[in-house]
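The values are calculated or read from the model by the stated rules, or taken from the named source; none is laboratory data. Computed from a prediction, not measured in an experiment: that's the story for all the values here. Note: ideal-geometry Cβ built from the backbone for every residue, glycine included; neighbour counts use all protein chains shown. Side chains included, ligands, DNA and RNA excluded: accessible areas come from the protein's heavy atoms. Shrake-Rupley method; radii C 1.70, N 1.55, O 1.52, S 1.80 Å.
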Amino acid sequence: MIKFEQEDQLLGRNQSLGNAATKALVSSGSDNISHADNFAREVLQNCCDASKSDTDYVHVRIHCKQLDDQEEKRYREQLAIDSHIKPRAGNKIPNFPHDAALGTVLFIEDFSTVGLTEYSDNHPNESRFFKFFFDSGGNDESVDTGGSFGYGKAVYSDNSKTRTLIAYSCCNENGNIVRKIFGITRTQKYFYEGDAYAGFIYHGALNGLKEGERSQAIYGAEADELASYLGFNLRDESQTGTSIAIIGLTAEPHEFVKEIKKSTELYWWKKIVDNHLYVEFSVGDKDYGSADPFSQPGLAPFIDCYELIQGKREKPESGDGKYLVGSLNRRQRDIGISPGKLALIEVAAGTEEKPDPTDHLVNSVALFRSSGMVVEYRKPIGSIDSGSFICGVFLADERLNKLLRSSEPASHWGWNDSSPRIEELGAYKELEIDLPTAIQIIRHIKNSVNQKFSNFKDSLQDSSKVTSASFRSLDRLLTKVFGKGKAPGKAPFSNKRLVSIRNPSPARLIEGTHPPQYECEVEIALDSDAPEDSKDLAVRHVIQILGDDAATAVIDRFDSEVISTDASYVGLSSNGHGFIYTISKDPVKFIFLTRPVPTRFHRETETIVKEDS
């Protein structure tokens, strides 16, 4: 059995440290991004950057494996965790497993990708393999769609108890299929036996080169043997791509995987909707399915905006000002093109509770360039307290991709027109413009998005109607009560409702239903001032289709199924619609399952409770 050999990189002059990438991400203005968001953004960016072509979709599999005693021993021995890492850097690593077990390994596998190739048209130091393992912060000439810092790799080691990862990759190296395996531990700088080290420990095969350059990958059959020994899924010649193992996941596996699945949907929905990315998740035998943006009700209006821009959805013939779709005006004396396309729509509040204005998806515009990832959910000034709920999408012109990329911080969150890297990377030169013009273009994009958002907000009339933006949003649960007690003027119940109806939680999408179906929870009770303690009432729950552009005219409705209730069943209502239940002053709970309705329709649900007629 081949075994990893370890090498510590000595600290040299002007050298980056093992935790440099982590520091860059922490200080890059990404306070609005959660830990899981950062992971999903950076890991999937790396996978998508390695895509074989623009037409194929990238397939990513993220899964956790709980180590048994034998597997735990294998990792500790192969990586020399107790004999090498611990005495050198153990005290520099938070959560280091001095006594506790590694516990879990998180695998990220990508397919339809090129893998960690080691050739480059310019120099070997420009190869994917070199940049991934040996270059922090020097990724200036990476593929156009990715970032310009090379710090995204920090999210791998940051989630490891040992700050260690192993990569097993299958590549086509100038016509030859090559499989390789290599590992790295990234820490703070440390001192050992009188020498200072940069915080990089390599796990590979040692050769006769000088210190700091001796570590090489293990190749071929030996790489396959070692990968299999450590629990990797082996790759054949047709499965180019990379499998990365994060050793000793710091987070609880199930919760972390669920969080990054949601983050994937939040930031990569465009690429998933375009069928350019497919990401699946599992922990052991528990399958969490694939990332599905349509399972997130708050994303529906953003997807609608995107489809309007792309011409995949017809613009509604509505004069009520609920939609704005078009290109940003170009500036004078710049590149002579529009910076990109923008769509804005008004969104209904969705539930009886006012949406949280600080949420990423409330009153924001999703900014995109060619990477396909949401660069930022931008909240224009005044949007938080606007009184309206608006969302939008901005797609930058592909010709501005490199320029916008050069303005992003290490976290890729937003475009900063004052970033010194705009001048440093010089992407504006390819547009044949000068630096001041480049800065003005970036500033113009942000200001124009802000201004159009503000103008659109001002054009809206106060309204509680569901707009056409709610194509796929079923979160708006209305309640209607028929039978309002005694006629007006007959005290003491002239203005009292017979029953109260409450929706304690939003509708829940049933996974795997196409068209989608939802579970709706409803609580029903007689009003406390009702003259009777209990009453037999007809209860009906429907999903209805709203046909006009303003989403006010009901053109059809379908009864939901009662799948559970605390109420006593009496019988079928006289008109055949709904069932009669005994309702008292103590609330009873109903769970309804809606009929499947295609997502292209406006939809809302309604609960109807009335005396049988």
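Examine region 166-175 for a residue that is under 21 Å from ASN125 (Cβ atoms), crowded, with 22+ Cβ neighbours inside 10 Å and within 24 Å of the chain's Cα centre (by Cα), and state whether such a residue exists. Yes. Cβ separations smaller than 6 Å between residues 6+ apart or across chains give the following pairs from region 440-462 residues that are free of Cβ contacts under 8 Å to residues at least 60 places away in the same chain and among the basic types (Lys, Arg) to residues that are part of a loop (DSSP other than H, G, I, E, B) and open to solvent by less than 30 Å² (accessible area, probe 1.4 Å): ARG443/ASP417.
Do we find that ASP359 is modelled with pLDDT of 70 or more, among the acidic types (Asp, Glu) and either more than 28 Å from CYS48 (Cβ to Cβ) or assigned to a loop (DSSP other than H, G, I, E, B) (or both) in this structure? For ASP359, the condition - modelled with pLDDT of 70 or more, among the acidic types (Asp, Glu) and either more than 28 Å from CYS48 (Cβ to Cβ) or assigned to a loop (DSSP other than H, G, I, E, B) (or both) - is met.
Of the residues GLY289, GLY326, GLY298, GLY321, the single one that is at pLDDT 90 or above and among the small types (Gly, Ala, Ser) is GLY289. Just the residues that are within 20 Å of TYR192 (Cα to Cα) and open to solvent by 40 Å² or more (accessible area, probe 1.4 Å), please, taken from region 65-91. If the condition is that a residue be within 20 Å of TYR192 (Cα to Cα) and open to solvent by 40 Å² or more (accessible area, probe 1.4 Å), then ASP82, SER83, LYS86, PRO87, ARG88, ASN91 are the ones that fit.
When you look at PRO97, is it in contact with a helix residue (DSSP H, G or I) (Cβ under 9 Å, 6 or more places away or on another chain) and at pLDDT below 85, yes or no? No; evaluated as a whole, the condition is false for this residue. Please tell me if ARG61 is open to solvent by 20 Å² or more (accessible area, probe 1.4 Å), touching a residue at least 12 places away in the same chain (Cβ under 8 Å), charged (D, E, K, R) and not in a loop (DSSP other than H, G, I, E, B). Taking the combined requirement at face value, the residue satisfies it.
Search region 551-574 for residues being under 18 Å from GLU606 (Cα atoms) and not in a strand (DSSP E or B), and hand back the single one that is modelled with the lowest pLDDT. Selected residue: ALA551. Pairs are defined by a Cβ separation below 6 Å, a sequence spacing of at least 6 or placement on different chains, a first member in region 587-602 that is crowded, with 18+ Cβ neighbours inside 10 Å and assigned to a loop (DSSP other than H, G, I, E, B), and a second member that is of a type in the set (Val, Ile, Thr) and modelled with pLDDT of 90 or more; no pair meets this definition. Restricting region 508-530 to residues that are modelled with pLDDT of 85 or more and part of a loop (DSSP other than H, G, I, E, B), the residue that is surrounded by the most Cβ atoms within 10 Å (Cβ to Cβ) is GLN517. Residues that are open to solvent by less than 10 Å² (accessible area, probe 1.4 Å) and more than 22 Å from GLN66 (Cα to Cα) number at least 2 in the following strands (runs of 3 or more DSSP E) confined to region 187-297: 195-206.
Among the residues of region 44-78, those identified as over 21 Å from LEU116 (Cα atoms) and not basic (Lys, Arg) are CYS64, GLN66, LEU67, ASP68, ASP69, GLN70, GLU71, GLU72, TYR75, GLU77, GLN78.
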